[in-house]
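Down below is the structure, laid out as structure tokens.
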Amino acid sequence: AQSVTQPDIHITVSEGASLELRCNYSYGATPYLFWYVQSPGQGLQLLLKYFSGDTLVQGIKGFEAEFKRSQSSFNLRKPSVHWSDAAEYFCAVFPGGGNKLTFGTGTQLKVEL
Amino acid sequence: EAGVAQSPRYKIIEKRQSVAFWCNPISGHATLYWYQQILGQGPKLLIQFQNNGVVDDSQLPKDRFSAERLKGVDSTLKIQPAKLEDSAVYLCASSLGVAGGETDTQYFGPGTRLTVL
């Protein structure tokens with residue numbers, strides 16, 4: 001069965017520091033890949049997505065993610081974190097066809113001023 | 001373009017009571033999803049509609065949960081009777097379709113936070 005792993009439950013970074021959130025998936029073929037962000041009391045906002053082509057994708061709010069087929073990973077990065085980036089981040093995988101969008105358990109980001 | 005709308009935003013009920021949530025998807029989106037998000041977890045799909053037909057309800061507790069999407073637009077999710085373990089955020093999402101590719105991108109509403117006492 002497909003699965004998504006976000007190994008870091010909590011991450012704390014200082015404002016202005018770089019950020020990398022990890023995501024690994026388990027699936028036979030290359031699925032569609034997504035990163036969503038959820039601020040407290042809010043729904044999920046789409047940050048970026050990968051379907052095919054260039055393995056480095058750019059998203060909103062200065063985020064980017066790199067798909068690495070050999071590592072089954074889709075890590076999210078930001079060169080300089082802002083205090084407003086504090087939120088929970090979810091990686092999600094969609095194999096296509098009749099399968100479901102499967103979410104990881106999320107990574108809670110705290111930003112220290 | 002308006003996003004996915006949900007109401008109410010918050011609801012507190014006692015166990016064994018009933019509750020209903022409403023969702024209005026993005027205009028033109030054929031596919032609508034209801035998710036349950038328990039605190040500390042990622043969202044879990046409860047039911048998926050394409051137009052007004054059910055595509056997947058395999059994880060919907062059908063003894064107490066029901067959902068409908070009349071006329072292929074708005075949808076309601078009902079819980080009757082509610083249990084303590086139903087306390088969660090209920091998220092509605094929509095996508096253009098399920099044909100593969102960009103049309104599968106799901107856009108989420110703000111959610112309804114349900115507390116069952």
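The values are calculated or read from the model by the stated rules, or taken from the named source; none is laboratory data. Because the structure is predicted, anything quoted here is derived from the model rather than measured. Quick reminder, even Gly has a Cβ in these numbers, built from the backbone with ideal geometry, and neighbours come from all protein chains shown. Remember, those area values only see protein heavy atoms, side chains included, never the ligands or the DNA or RNA. Shrake-Rupley method; radii C 1.70, N 1.55, O 1.52, S 1.80 Å.
Below is a table of values for the structure above.
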read-out	value
Residue order for A:Ser26, B:Ser58 - accessible surface, 1.4 angstrom probe, largest first	B:Ser58, A:Ser26
Counted charge near A:Thr107, where neighbours are those whose Cβ lies closer than 14 Å (Asp, Glu -1; Lys, Arg +1)	0
B:Ser18 accessible area, assembled protein chains, probe 1.4 Å, Å²	70
Percent carbon-and-sulfur accessible area, chain B, ignoring ligands, DNA and RNA, probe 1.4 Å	52
Contact surface A-B: accessible area buried, both sides summed, square angstrom, 1.4 angstrom probe	1600
1.4 Å probe, heavy atoms, protein only - residues of the range B:24-67 losing at least 50 Å² accessible area vs chain alone	B:Pro43
Carbon and sulfur %, accessible surface of the range A:3-112 computed with the full protein complex present, 1.4 Å	47
Residue-normalised accessible area of the protein assembly as shown, given per residue in Å² at a 1.4 Å probe	47
Label-to-label distance, nm, for residues given as A:Leu46 and B:Thr76 (7 Å Cα→Cβ offset)	2.9
